[in-house]
Amino acid sequence: MTEKLPTPKGREFLLMEGGPLYRIQRRLGLIQKEAPHIVLRALLAMLLTWGVLFVLSAIQHHAFGHEVAVPFLRDYSGYSRFVIAIPLLVFAEIILGPRFAESASYFVTSGIITSNDYDAFDDAVERGLRLRDSFVAELILVLIAFSITFFGTQQLAVQHSNWMSTAPGDRTLAGVWAFLFCGPLLNFLVLRWFWRLLLWAQFLWRMSKLDLQIFPPHPDEAGGLGFVGRTQQFFSVVLFAYSAGIAGVIADQAIYDKVPLQQFAPAIVAYVVIVVILVLIPVVVFFHKLHEMRILGLYQYGALATAYTSRFHHKWVRGENPDGEPLLGTADIQSLADLGNSFHIVAKMDHLPMDPRTPIQLALACLIPMSPLLLIVLPLKDILKLLVKAVM
């Protein structure tokens with residue numbers, strides 16, 4: 001009879017399935033067991049923002065026409081924030097949610113964590129889920145979201161009559177709805193994603209303190225922790241969504257307020273650098289462990305290589321082959337090649353468990369939504385000519 005191996009007794013690390021807003025959606029029937037209705041929720045979020053704003057603007061004749069300098073249907077930030085960003089931030093749940101859970105469980109299923117640390121693993125999961133469900137934490141996110149909306153409205157508003165405000169201090173119906181609901185909702189969704197990133201980071205930090213069964217010659221060149229970095233790559237969806245919202249605001253400033261696009265370049269560069277660093281911070285917790293393992297691995301596999309190559313040299317080069325074994329068909333040469341490959345993997349080990357291209361992928365996720373801004377300074381035909389020259 002096969003002995004049953006011990007397994008963790010706790011819950012899965014499901015960061016998407018908890019919190020006050022999640023429970024409200026469960027009660028409303030927007031989320032059901034095994035049926036997240038993600039498309040429905042994304043469309044509903046778009047209707048409650050862009051759809052309601054359009055109706056309210058149309059009622060006051062600010063949706064189109066010449067009643068205001070910037071009617072609703074000619075506001076680029078309205079499309080980028082409420083038609084692209086908000087639905088994508090909601091849709092990202094079914095992309096990142098399973099990745100968090102799978103990566104967390106992989107610590108156990110891969111054998112990286114042994115049964116001696118199962119209790120510590122369960123405790124790390126429970127701590128993360130308790131913070132996920134915290135009413136206080138989500139309330140703080142809501143307050144910060146409203147604060148950002150208040151100060152952002154003062155700083156970034158287009159300096160002309162528009163569908164939100166026909167004159168300073170004269171907010172329209174649509175402007176009130178944007179101020180009280182749409183803006184705070186967008187900011188809350190973004191903040192909640194970074195809160196989830198923080199919860200993921202604290203979980204990985206706790207994992208880094210365990211006796212992880214990771215080894216230098218693992219093919220992923222990260223001791224077996226490469227799956228952690230692959231999880232971070234999926235944050236590209238969140239960065240793409242938020243950057244799309246920013247791009248619309250910049251477009252309004254450049255087109256209607258005539259702010260030179262070049263003036264935004266330093267802020268865009270700083271933004272990309274900061275958010276990429278934030279997304280990659282969770283993998284930094286393994287730096288010391290991988291750094292020490294690489295140094296130790298170089299010594300250990302270097303000693304092994306020295307011992308093996310010495311015997312190989314004496315046997316096949318100097319002819320010290322007491323059994324008279326023929327060179328043709330021997331496994332010694334293949335073993336020598338395998339040892340060389342193992343040493344090469346150890347030498348190439350990364351100090352961070354991620355593909356070196358990951359920062360570039362995340363940066364592109366930030367910059368691609370902003371690429372249409374080039375149309376403000378360059379005609380489309382000129383951009384196409386540049387692209388053709390770059391390919392040719």
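Taken together, the values in this text are just the output of simple stated rules run on the coordinates, not laboratory data. Keep in mind that what you see is a predicted model, and the values were worked out from it rather than measured. Note that each Cβ is placed from the backbone with ideal geometry, even for glycine, and that neighbours are counted across all protein chains shown.
Rounded to 0.05, the FRET efficiency of the residue 312 and residue 364 pair, given R0 = 45 Å and the Cβ-Cβ distance, is 0.45.
What fraction, in whole percent, of alpha-carbon pairs in the chain exceed 40 Å separation? That tail contains 35 percent of the Cα-Cα pairs. Candidates 98, 297, 238 compared by Cα position along the dipole of the chain: farthest toward the positive end lies 238, with charges placed on Cβ. Just to verify a number: FRET efficiency for residue 267 and residue 122, C-beta to C-beta distance, R0 = 35 Å, to 0.05? Given R0 = 35 Å and the Cβ-Cβ separation, E is 0.20.
A simple spin-label model places the labels of residue 202 and residue 296 2.9 nm from each other, with each point 7 Å out along Cα-to-Cβ.
Computed from point charges on the beta carbon alone (+1 for Lys and Arg, -1 for Asp and Glu), the dipole magnitude for the chain about its Cα centre is near 800 Debye.
Each listed q (0.33 Å⁻¹) maps to a log10 I(q)/I(0) for segment 67-110, found by the Debye formula over equal Cα scatterers with no solvent: -1.02.
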